[in-house]
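Input: a single structure, listed below in structure tokens.
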Amino acid sequence: MGKTLYEKVWEAHEIRKLRSGQSQLFIDLHLLHEVTSPQAFGMLKDLGLRVRYPHRTFATVDHIVPTHDRTEPFQDPLAQNMLEALRQNTREHGITFFDLGSGNQGIVHVIGPQLGLTQPGMTIACGDSHTSTHGAFGAVAFGIGTSQVRDVLATQTLAAQKLKVRRINIEGKLAPGVYAKDVILHIIRHLGVKGGLGYAYEYGGSAVEAMDMESRMTLCNMSIEGGARIGYVNPDETTFAYLEGRPYSPKRAEWEEAKKRWRSFASDPDARYDDVVTFRAEDIPPTVTWGINPGQAVPIDGRIPLLEELPEEERPLAEEALAYMGLKPGQPIKGVPIQVAFIGSCTNARLSDLREVAHYLKGHKVKRGVRALVVPGSEWVAKKAEEEGIAEIFREAGFEWRNPGCSMCLAMNPDRLQGDELAASSSNRNYKGRMGSPRGRTVLMSPLMVAAAAVAGETADAREVFGIGR
Amino acid sequence: MLEKFTTIRGRAVPLRGEDIDTDRIIPARFMKVLTFEGLGQYLFYDERFDERGNPKPHPLNDPRYQGASILLVEAGFGSGSSREHAPQAIKRAGFKALIGESFAEIFFGNATAIGLPCVTLAPEDLTVLFQAVEADPSLEVEVDLVNKEVRFGGRTAPLSIPEAAREALVEGLWDPIGELLQAGELLDEFDRRLPYPRRSG
């Protein structure tokens, strides 16, 4: 019987069993950001410990950085303090830090892959739930809490419990105007936000094999919204082609050796899965959320469900969601007025996302009264987008072109919704209050659908707004 | 020596709602801090207070539940962000244990690692417990991790918790750092053997 990638990576990194029955797992790559790390360094200090293998930890600043004016000191002294703490901690412990203006600063889940830090067969941990993003490369990558950040800093290991593996096949060809974001929203809509509890998700099938790396990252990114702490795609030629020549990728003689090793981690054809689910790519529509969790979603040309159409146990949450969103059961999801359009986040702020939107946005204008923001995922993405004329297309259309960071996705910086504003957003969470206003509302969708909503001034079908596939 | 959690006794506060995410438990704007101290006051802040800071009706604002040390929740509690600030805020607000139908994994791991037990009950038992606590806020609830049961008002319901977490809590091994450090040279061996990203060329 063959093994899954998850099992192979686990076996290669399991140091020993702990007394509790958990395993001590070695972490190849540790990523840090400013929000979940300062307390960990504090704990380390209290225990009189040092960072054991600083060459395995890399840091950047993303959550709290202002995207409009990055002049220091920031207007928010708390944000400035967090940046200073990270500078101090990384300096003191000899950790590589991609600071503002270094050319490599950006959202931690954008820069890891972009720099070639993220590699197949690795275990990767970061104090951030969207660490699952790195699974796109065939890594076992997951979010951890701050006490565990301390554990990794001090020992490069974690106490961990092995998960089951669910294979999710997407077979066929995605329709024009349908993206990885729609695929993952569709999966979560059908398997539920708790569906992935206890599982790592392995994504495969012809539609996933056909995806480029950045689409695979979007897919793996939102595994956590489906309840799965880990999501991954087996490494293949697409993976290797993406990694070749990146600053931290293996070079020359090591490259062929690395590819051989990486390939060996891919799930065996006869691997045993704890569960298998298959979706037809052709059945996946552009998908948008209507509620307060990412599973409350419908096709853009669909209606919000009637309460009686939902299983009884889902009705109380649906009622709560509709009251919060100011929407009605049975209402079409298309045509809901928006006040904000946000393109950004670790889900969808990579160069290919911006390129795709710019291709269709050219010549269109953001509707008067809509505040539209594009926040590139990293300094490198921003630079490339300027060079390729993408930034100019966004500005020309009426988008504000900002500096890289997490921005409005979780609003720890000055970018936030006001009052009960409704945002069309390419981010990952439509939770109550997520975008910085306790009454603010979020409708999740692909970046192109955000652009369509920005142009229409309301939730809209990008295929209609931009004449795709017609 | 770490505290050994065998039995947790106290009154319970019923917090209804499925899939309560960590952004609701502790909104992101309260995370611009360098320590976890004082986070307890921001627990469920936007659910408990309006935009002017006036209290809203919420179980945590209800005087009948003041001093409760067990938090009763429904399914999917702690979903979303991996922020340890969420269980830290719960613990620092005075809670010693959570009883629910199910917990998100990262939340569960973070809670266990700071000595905050999260146990689950079968849905029908949880329903009875919710009703009992709502009917009588002074009801004493006992979470017994040794005998794996929850006791209240003369009833006993079997609890579930992953065995490794239960073992860790009962034996005082819930903070793994000491044991992880003991791996010593094994760590160096793995560091030598497994590749890490190097800048070259």
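Kindly evaluate A:E254 against the criterion of being on the phi < 0 side of the Ramachandran plot, within 14 Å of chain B (Cβ to nearest Cβ) and out of contact with any Pro (no Cβ under 8 Å at 6 or more places or on another chain). Outline the logic, then answer.
Working: on the phi < 0 side of the Ramachandran plot: yes; within 14 Å of chain B (Cβ to nearest Cβ): yes; out of contact with any Pro (no Cβ under 8 Å at 6 or more places or on another chain): yes.
Yes; evaluated as a whole, the condition is true for this residue.
If you go through the stretch A:122-139, how many residues are farther than 17 Å from A:E214 by Cβ, under 15 Å from the mean Cα position of the chain (by Cα) and more than 8 Å from every other protein chain (Cβ to nearest Cβ)? Show your work before the answer.
Going through the stretch A:122-139, the residues farther than 17 Å from A:E214 by Cβ turn out to be A:122-129.
Restricting the remaining residues to those that are under 15 Å from the mean Cα position of the chain (by Cα) gives A:124-129.
Imposing the further condition that a residue be more than 8 Å from every other protein chain (Cβ to nearest Cβ) reduces the set to A:124-126.
Number satisfying all stated conditions: 3.
Does the stretch B:32-62 hold any residues that are among the hydrophobic types (A, V, I, L, M, F, W, C) and under 23 Å from B:E134 (Cβ atoms), and which are they?
Taking the stretch B:32-62 as the starting set, the residues that turn out to be among the hydrophobic types (A, V, I, L, M, F, W, C) are B:33-34, B:36, B:39, B:43-44, B:49, B:60.
The answer is B:L43, B:F44, B:F49, B:L60.
Checking each residue in the stretch A:100-156 for being among the hydrophobic types (A, V, I, L, M, F, W, C) and in a helix (DSSP H, G or I) picks out A:V108, A:V110, A:I111, A:L115, A:A136, A:F137, A:V149, A:V152, A:L153, A:A154. Kindly check whether there is at least one residue in the stretch A:154-171 that is touching a residue at least 12 places away in the same chain (Cβ under 8 Å), away from every other protein chain (no Cβ under 13 Å) and on the phi > 0 side of the Ramachandran plot. No: zero hits.
Out of A:L83, A:L47, which single residue is of a type in the set (A, V, I, L, M, F, W, C), under 26 Å from B:R29 (Cα atoms) and either within 11 Å of chain B (Cβ to nearest Cβ) or under 20 Å from the mean Cα position of the chain (by Cα) (or both)? Just one listed residue meets the conditions, A:L83.
When B:D125 is tested against (1) free of Cβ contacts under 8 Å to residues at least 60 places away in the same chain; (2) part of a loop (DSSP other than H, G, I, E, B), only condition (2) is not met.
Taken as a whole, the stretch A:399-413 holds at least one residue that is within 16 Å of A:V340 (Cα to Cα), within 14 Å of chain B (Cβ to nearest Cβ) and of a type in the set (G, A, S).
Among the residues of the stretch A:451-470, those that are over 15 Å from A:A297 (Cα atoms) and buried (at least 24 other Cβ atoms within 10 Å of the Cβ) comprise A:A451, A:A452, A:A453, A:A454, A:A462. Would you mind stating whether A:A228 is small (G, A, S), touching a Phe, Trp or Tyr at 6+ places or on another chain (Cβ under 9 Å) and within 14 Å of another protein chain (Cβ to nearest Cβ)? The answer is yes for A:A228. When the residues of the stretch A:172-187 are filtered to those that are in contact with a strand residue (DSSP E or B) (Cβ under 7 Å, 6 or more places away or on another chain) and aliphatic (A, V, I, L, M), the one that is farthest from A:E225 (Cα to Cα) is A:V183.
Out of B:A93, B:A68, B:A89, B:A75, one residue alone is hydrophobic (A, V, I, L, M, F, W, C), touching a residue at least 24 places away in the same chain (Cβ under 8 Å) and in contact with a Ser or Thr (Cβ under 7 Å, 6 or more places away or on another chain). It is B:A75. Screening the stretch A:342-427 for helices (runs of 4 or more DSSP H) wholly inside it with 2 or more residues that are without any contact (Cβ under 8 Å) to a residue 12 or more places away in the chain returns the ranges A:379-387, A:390-397. For the stretch B:115-133, the set of residues classified as within 18 Å of the chain's Cα centre (by Cα) and of a type in the set (S, T, N, Q) consists of B:T120 only. Each residue in the stretch B:14-29 was checked for being facing chain A (nearest Cβ under 10 Å) and either of a type outside the set (K, R) or touching a residue at least 12 places away in the same chain (Cβ under 8 Å) (or both), and 11 pass. Within the option set A:P286, A:P247, being touching an Asp or Glu at 6+ places or on another chain (Cβ under 7 Å) and surrounded by 14 or more Cβ atoms within 10 Å (Cβ to Cβ) holds for one residue only, A:P286.
Every number here is computed from the coordinates shown, using simple stated rules; none is lab data. Owing to the predicted nature of the structure, the values given are computational and were not obtained by experimental measurement. FYI the Cβ positions are ideal-geometry reconstructions off the backbone, even for glycines, and counts take in every protein chain you see.
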